[in-house]
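Questions regarding the structure given below will be posed in turn.
The values are calculated or read from the model by the stated rules, or taken from the named source; none is laboratory data. In this text the structure is predicted, and so the values were computed from the model without any measurement. No Cβ is skipped: glycine too gets one built from the backbone with ideal geometry, and neighbour counts run over all protein chains shown. Quick note on the areas: whole protein, heavy atoms, side chains included, nothing else; ligands and nucleic acids left out. Shrake-Rupley method; radii C 1.70, N 1.55, O 1.52, S 1.80 Å.
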Amino acid sequence: MSNNILFSKIVGSNEKHLLILHGLFGQLDNWGTLGNRFAENFTVHLLDARNHGRSFHSAEMSHELMAEDLLNYIEAQKIDSVDLIGHSLGGKAAMYFALEHPTKLKHLLVADIAPKAYAPHHLEIIKALKNLDFSQIERRSDADDQLKALIKNAAVRQFLLKSLNRKKNGIYELRFNLDALSKNYNELIGHNLPDKKFEGETLFLGGKNSSYIEKGDEILIHRYFPRAEIKQIQQAGHWLHAEKPDEFYEISMNFFKP
């Protein structure tokens, strides 16, 4: 396969295929537990987005290119059509894919993101990551100590440190391409969907404690996705799939109707 095909972990064996794409600074392992549950009804493809995890690095990064990556992956796997879950940045890519390639998609589930631009809100994270001194990191806790100065939330630090990887020479690195992500950050939080509609079945599933999908976003959502349902998971924030996996699974399976 081409080096520009997304890295994946495939679990389950079923004629129905489900693709799952994580968010910014994430990786496919974020969805491992739920992926195994979905594999009872699907062949599940857990994907690393470009510039994340074990997928290829590129100086270029946009929702359009990420949607193209999904198409290239589906064609490389020789799959006719899929169900698709995209979380956060992965949700933006999934929306773009649905609008450009509707015949490839059966169901679209967008997790905690809306079709709109967002104010910059990862700048402290990017700064903290850029300040990491890998020569002073001998174990994961050393990296955590360095990040504490700018990132007070322990859960956010632990999420980021899942992408910390020890190279063969013993030196640590981040699996994601921080240079490309920071350079293209304004593009990634922006709004640049094509002026089209996806008429297929769509679910926008948000966390009640998250501010990513707000009142008023329904108008925008239905502009692009006229059949979209909009639901929330109580007592869940932005990482709703990790915080409330049982509820996320149940709502998803009712939507997919396998």
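Give the ranking of 239, 31 by solvent-accessible surface, highest area first, calculated with a 1.4 Å probe.
Values: 239 70, 31 5 Å².
Per-residue accessible area, sorted high to low, gives 239, 31.
A further question on this structure: Which value in deg cm²/dmol, rounded to the nearest 500, describes the helix-derived mean residue ellipticity at 222 nm for the chain, given -39,500 (n - 2.57) per DSSP H run of n ≥ 4 and division by the residue count?
On the way: 11 runs with 91 residues, N = 258.
Mean residue ellipticity, 222 nm, calculated: -9500 deg cm²/dmol.
Shifting gears a bit: Solvent-accessible area per residue for region 107-258 at a 1.4 Å probe radius, Å²?
On the way: 7980 Å² over 152 residues.
Per-residue value: 52 Å².
Considering only the other residues whose Cβ falls under 11 Å of the Cβ of residue 234, what net charge follows from Lys and Arg at +1 and Asp and Glu at -1?
Details: positive: 208, 231, 244; negative: 243, 247.
Within the 11 Å Cβ shell, the charges total +1.
Counting other Cβ atoms within 10 Å of each Cβ, which GluC sites (Glu not before Pro) in region 82-165 have at most 16 and sit in a DSSP loop? List each step's numbers first, then the result.
Numbers: sites: 100, 124, 138; in loops: 138.
Of the GluC sites (Glu not before Pro), the ones in loops of region 82-165 whose Cβ has at most 16 other Cβ atoms within 10 Å are 138.
Just order 70-78, 22-30 by mean Cβ neighbour count inside 10 Å, highest at the front, would you?
Numbers: 70-78: 16.3, 22-30: 22.2.
Top of the packing list down: 22-30, 70-78.
A further question follows. Note down the nm distance, to one decimal, between modelled labels 7 Å out along Cα→Cβ at residue 123 and at residue 254.
4.1
Something else now. Heads up, I need the accessible area for residue 40: 1.4 angstrom probe, whole protein in place, Å², nearest 10.
About 140 Å², rounded to the nearest 10.
Let me ask something else. Local charge sum around residue 62 (other residues, Cβ-Cβ under 15 Å, Lys/Arg +1, Asp/Glu -1)?
Value of the local net charge: -3.
Could I ask something else about it? Using per-residue counts of other Cβ atoms within 10 Å, averaged over each peptide, order 62-69, 42-49 from highest down. Kindly include the intermediate steps, with their values, before the conclusion.
Numbers: 62-69: 20.1, 42-49: 24.8.
Top of the packing list down: 42-49, 62-69.
With unit charges on the beta carbon (Lys/Arg positive, Asp/Glu negative), name the residue among 159, 190, 96 whose Cα is farthest towards the positive pole of the charge dipole of the chain.
The residue sitting most towards the positive pole is 159.
Next question, about the same structure. Quick check: at a probe of 1.4 Å, how many percent of the accessible area of region 119-184 sits on carbon and sulfur atoms? Intermediate values should be presented prior to the final figure.
Numbers: 1850 of 3870 Å².
That share works out to 48 percent.
Here's a follow-up. Which whole-number percent gives the relative contact order of the chain, counting Cα pairs below 8 Å spaced six or more residues apart?
Dividing the mean separation by the residue count of the chain yields 19 percent.
A follow-up question, please. Obtain the nm distance between the two label points defined at residue 10 and residue 161 by a simple spin-label model: each point lies 7 Å from its Cα along the Cα-to-C-beta direction.
3.5
What does the charge dipole of the chain about its Cα centre add up to, to the nearest 20 debye, if the Cβ of each Lys and Arg holds +1 and the Cβ of each Asp and Glu holds -1? Before the final figure, lay out each step's value.
Values: 32 positive and 33 negative charges, 81 e Å.
Computed about the Cα centre, the dipole is about 400 debye.
Let me ask something else about it. If we sort 102-110, 9-17 on the protection proxy, mean other Cβ atoms within 10 Å, highest first, what's the order?
Details: 102-110: 19.7, 9-17: 14.9.
Sorting 102-110, 9-17 by mean packing, highest first, produces 102-110, 9-17.
To the nearest 10 degrees, how steeply does helix 89-100 sit against the main Cα axis of the chain, on a 0 to 90 scale?
In the chain, helix 89-100 runs at an angle near 30 degrees to the longest axis.
Would you kindly state how much longer the chain becomes between residue 185 and residue 33 on full extension, computed as 0.36 nm times their sequence separation minus their alpha carbon distance, in nm to one decimal? Don't skip to the answer; put the middle values down first.
Details: separation 152, 0.36 × 152 = 54.72 nm, distance 2.87 nm.
Working it through step by step, the gained length comes to 51.8 nm.
Taking a spot 7 Å from the Cα of residue 150 along the direction of its beta carbon, which residues of region 160-180 have an amide N less than 20 Å from it?
Under 20 Å, as judged by backbone N against the label point of residue 150, lie 160-165, 172-180 of region 160-180.
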